[in-house]
Amino acid sequence: MLFLSFPNMDSSKLGCTHLPILALLIVLAFQTTLGSSSMIKCEDLEKSRCAFAVSWSGKRCVLEKTVKRSGEEAFTCRTSEIEADQLQNIVETEQCIEGCGLDRNTLGISSDSLLDTRFTRDLCSSRCYDHCSNVVDLFFNLAAGEGVFLPKLCEAQGGNVRRGMSEIRSSGIVAAGPVQPVSLSTAPGPVQAMSLSVAPAVAPAVNGA
């Protein structure tokens, strides 16, 4: 609720000359209220909105579970130290949660799901990879932390994902660090100079000569 008061001003004297000023004050007050309410704080998010969300500061939210002595489970949303790449104020949409094969009850942030063939198939699908930048950014960086380039993993996801990740690591195609552009160009290693001196040919000896 927004209230504006004008002390020392008689309401009967609010003529046409004051209407533009009044309208401007209302707009500014509305924008200020809207801006403060749209700033996402992880600690304020409920369980169903926490996982895969990004706070106003660009830090990712993480869902945690604790078990009380009574055996009752309690869930808490907190701000992690993981930064999203130029993303802020995001609560992931239901379309991306379903399209990317995610679960809103996911605890913590881990790269383990990249070993799941069914998950990587959903992650690499067009409906997820081309339309859910927040999810792709998260798992791109998680894959990079494992030394894997996500697009290459998507190419290998049709087969054995564990073997694909192992082959990508051993191939030398290593992803750049988190939130950094990836370069596939590989500089050639140093070339050692070689001497190719050739000895003159010697005719074979002839017996009896």
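A short reminder: the numbers here are calculations on the coordinates, not readings from a lab. All values derive from a computational prediction rather than experimental measurement. Here the Cβ positions follow ideal geometry from the backbone for every residue, glycine too, while neighbour counts run over all protein chains shown.
How much FRET efficiency would the formula 1/(1 + (r/R0)^6) give for Ser57 and Arg121, where r is the Cβ-Cβ distance and R0 is 45 Å, rounded to 0.05?
Calculated value: 0.85.
Please give the per residue volume of the convex hull enclosing the alpha carbon atoms of segment 42-171, rounded to a whole number of Å³.
Spread over its residues, the Cα hull of segment 42-171 gives 117 Å³ apiece.
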